[in-house]
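As structure tokens, the structure follows; a few thoughts come after it.
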Amino acid sequence: MARDRRFAEERLFRGLMIAATALIVSCLALILLTVLAKGLPFMSLDMVTRTPQGGYYLGKGGGVLNAILGSLYLAGGATLLAILIGLPVALYLNVYARPGGRFVAASRFAFDVLNGVPSIVYGAFGFTLMIFFGLRASLLGGIIAIALLILPMMARSMDEVIRLVPRELLEASYALGATRWETARRVVARQALPGILTAVLIAFGRGIGDAAAVIFTTGFTDAVPGSLLRPAATLPLAIFFQLGVPIPEVQGRAYASALILTVLILAVSLAARLLSRRLTRHVVK
Amino acid sequence: MKDAIAGKTMLALTLFAVLLVLLMIAGLYLKSRPVLSSHSLGELFFSTRWRPFRGQFGFLPFILGTLWVTGVAMLIAVPLCLLTAIYLSEYAPARVREWVKPLIDILAGIPSVVFGVWGMLVVVPFIKDTVAPAFKVFSTGYSVLAGGIVLAIMVFPVIIHVTLEVLRAVPSEVREASLALGATRWQTVKRVVLRKALPGVAAAVVLGIARAFGETMAVLMVVGNVPKVPKSVLDPAYPLPALIANNYGEMLSVPLYDSALMLAALILLLVILAFNVASRLVLRRVERSLR
């Protein structure tokens, strides 16, 4: 009797678990399919090759090229800036700092915690910075805010891959008379390159998709950004603003823009996966 | 020589990055000082009156809005995530695991505005046309429930990911010992694995809560944004992050408004930091004790 109940319970929970996993996976499928089904009918070449023309927000011609380019510039600039800070940080923690020391542990802890800070707070902080430096809403402001947002995750994931570089490799390099800087640059960074690139691409993807941090800092404009000091459009905000217009045609374009953004993100994440698989071939095992 | 310069530069960059959080607290605090000095904390936190044009800044509706939406999201997400994580770690064949994990990573990478679009297209009409009529009430669909559902899906990856790490850290000898004594798998999970992993699982849930607190765009698009204290899950709400994001345009033209919004950001930051620090400390302890 007790035995039967035990196995009934086992079966019940096993069933629940499979159902939960299936539900979570189907949420992803449902989201992707909804965006595809709603966005595809409004997709056109104009959407990706033209900027909003006069009367665009009333349903007239044009596309969201301004937002696509704006997002790419923004995420690209932010990723570059974050690499400039994040890579040295990850190298420092693994090559220069005392291994297993307090400083290393505290830094990793700080990045984990920072990674949990929401993007709206980075946006608000970026806004206070901009007021402090007398900057207006601009591409540069957005780049700084997004760079700060993606820095913790980038530094931490680079740190994780660099940590996996075998200690012996460093020691072999030192034994050949290399300095720590040469070792960091020529041995460690090269060995960890695939992982580093994956970290960069993932951070880039997060930069493209973020809306809350750019809302204060980057502004919005219908023109393709021509200068770091001018406002720039971004895809997430273009989606948001178009959805707010009560004209079916414009809302449809919001769905199409959401489709563009989703495809962009999926492409970046796919590239990250393929790249890391391909580049591992050149790594000393 | 070059080595020393590189080392110093890297140390400086590391210190900058680590101290970023203090810089953020200081920056937001400086900006929120005007409203803090002209209003008492009690008024700011416990008043429901939000009339920026008359200089009244009561955050209570927004704080409660955040708690309602997060609460609903957690009620949905926690059981589903625990079941999924346990399945992936204890039951699923390797092939299933290899398929499901990348899918969860993809879910984590979807931008929040896309979640918002999906929520407006699917969740909001579902609540308006199906859920609300079933309870014989009227709802526009833009509600706490809509925010909670969308938010739940957004925190799935966080909770599942961290729970999986925690479960993986439980040594397999523990399971084998229990199975050898004749316990079923579920009994082993329930009485042995989960008991050992409990602090870590709690930390995973707290990380999920912290994530939910700060989520802005998706929630803002489906939650209705009415600055009143919600009375049911079918009422609209107005969480703190939505308040900040929605009013960036007008805040500079009303005195103290920008200061109040920066205070909102500071509150969010401090609460989320506390949650993150607590759960990360627990996770670190768990990792060490199980190793």
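The values are calculated or read from the model by the stated rules, or taken from the named source; none is laboratory data. Predicted model only: the values in this text are computed from it and were never measured. Positions of Cβ are generated from backbone atoms using ideal geometry, with glycine treated the same way; all protein chains shown enter the neighbour counts. These area figures cover heavy atoms from the full protein model, side chains too; ligands, DNA and RNA do not enter into them. Shrake-Rupley method; radii C 1.70, N 1.55, O 1.52, S 1.80 Å.
Among helices (runs of 4 or more DSSP H) lying entirely in segment B:163-279, which contain 1 or more residues that are free of Cβ contacts under 8 Å to residues at least 40 places away in the same chain and more than 26 Å from B:S143 (Cβ to Cβ)? Reasoning before the result, please.
On the way: elements: B:172-180, B:185-188, B:194-214, B:217-222, B:240-246.
Of the helices (runs of 4 or more DSSP H) lying wholly inside segment B:163-279, those with at least 1 residues that are free of Cβ contacts under 8 Å to residues at least 40 places away in the same chain and more than 26 Å from B:S143 (Cβ to Cβ) span B:172-180, B:185-188, B:194-214.
Among residues of segment B:245-272 being under 16 Å from A:I131 (Cβ atoms) and at the interface with another protein chain (Cβ under 9 Å from one of its Cβ atoms), the one that is most open to solvent (accessible area, probe 1.4 Å) is B:Y248.
Within segment B:32-41, being over 25 Å from the mean Cα position of the chain (by Cα) and in contact (Cβ under 8 Å) with a residue 24 or more places away in the chain holds for B:R33, B:P34, B:V35, B:L36, B:S38. Every test in (1) touching a strand residue (DSSP E or B) at 6+ places or on another chain (Cβ under 6 Å); (2) at pLDDT below 95 is passed by B:V144 save one, and that test is (2). Counting only residues that are open to solvent by 10 Å² or more (accessible area, probe 1.4 Å) and farther than 26 Å from B:I106 by Cα, segment B:138-180 holds 13 of them. The residue that is surrounded by the most Cβ atoms within 10 Å (Cβ to Cβ), among those in segment A:117-129 that are in contact (Cβ under 8 Å) with a residue 60 or more places away in the chain and either outside any helix (DSSP H, G or I) or not β-branched (V, I, T) (or both), is A:A124. For A:A67, the test of being within 14 Å of chain B (Cβ to nearest Cβ), in a helix (DSSP H, G or I), modelled with pLDDT under 95 and open to solvent by less than 50 Å² (accessible area, probe 1.4 Å) is passed. Being closer than 30 Å to A:D159 by Cα, within 13 Å of chain A (Cβ to nearest Cβ) and of a type outside the set (D, E) is a property that holds for B:L23. Candidates A:L228, A:L264, A:L274: the one that is within 25 Å of the chain's Cα centre (by Cα), part of a helix (DSSP H, G or I) and either touching a residue at least 40 places away in the same chain (Cβ under 8 Å) or outside the structural domain of A:E160 (by TED's automatic domain parsing) (or both) is A:L264. Candidates A:A223, A:A254, A:A203, A:A178: the one that is open to solvent by less than 10 Å² (accessible area, probe 1.4 Å) and either assigned to a loop (DSSP other than H, G, I, E, B) or farther than 23 Å from A:Y92 by Cβ (or both) is A:A254.
When A:L114, A:L93, A:L135 are checked against the criterion of being outside any helix (DSSP H, G or I), assigned by TED's automatic domain parsing to the domain that holds A:T234 and aliphatic (A, V, I, L, M), a single residue qualifies: A:L135. As an exercise: evaluate B:W68 against (1) open to solvent by 30 Å² or more (accessible area, probe 1.4 Å); (2) modelled with pLDDT of 90 or more; (3) closer than 25 Å to A:R206 by Cα and give the number of the one condition it does not meet. Result: B:W68 passes all but (3).
Taking segment B:273-291 on its own, how many of its residues are open to solvent by less than 30 Å² (accessible area, probe 1.4 Å) and at the interface with chain A (Cβ under 7 Å from one of its Cβ atoms)? Quick ask: steps written out before the conclusion?
As a first pass, look at segment B:273-291 and keep what is open to solvent by less than 30 Å² (accessible area, probe 1.4 Å): B:273, B:276, B:279, B:283, B:286, B:290.
Narrowing further to those that are at the interface with chain A (Cβ under 7 Å from one of its Cβ atoms): B:273, B:276.
Residues that pass the stated criteria total 2.
Can you tell me which of A:A105, A:A110 is within 11 Å of chain B (Cβ to nearest Cβ) and over 23 Å from the mean Cα position of the chain (by Cα)? Steps first, answer last, please.
Details: A:A110 fails: over 23 Å from the mean Cα position of the chain (by Cα).
A:A105 is the lone residue from the list that is within 11 Å of chain B (Cβ to nearest Cβ) and over 23 Å from the mean Cα position of the chain (by Cα).
It is to be established whether one or more residues within segment A:154-165 are open to solvent by less than 40 Å² (accessible area, probe 1.4 Å) and over 22 Å from B:E287 (Cα atoms). Looking through segment A:154-165, at least one residue is open to solvent by less than 40 Å² (accessible area, probe 1.4 Å) and over 22 Å from B:E287 (Cα atoms).
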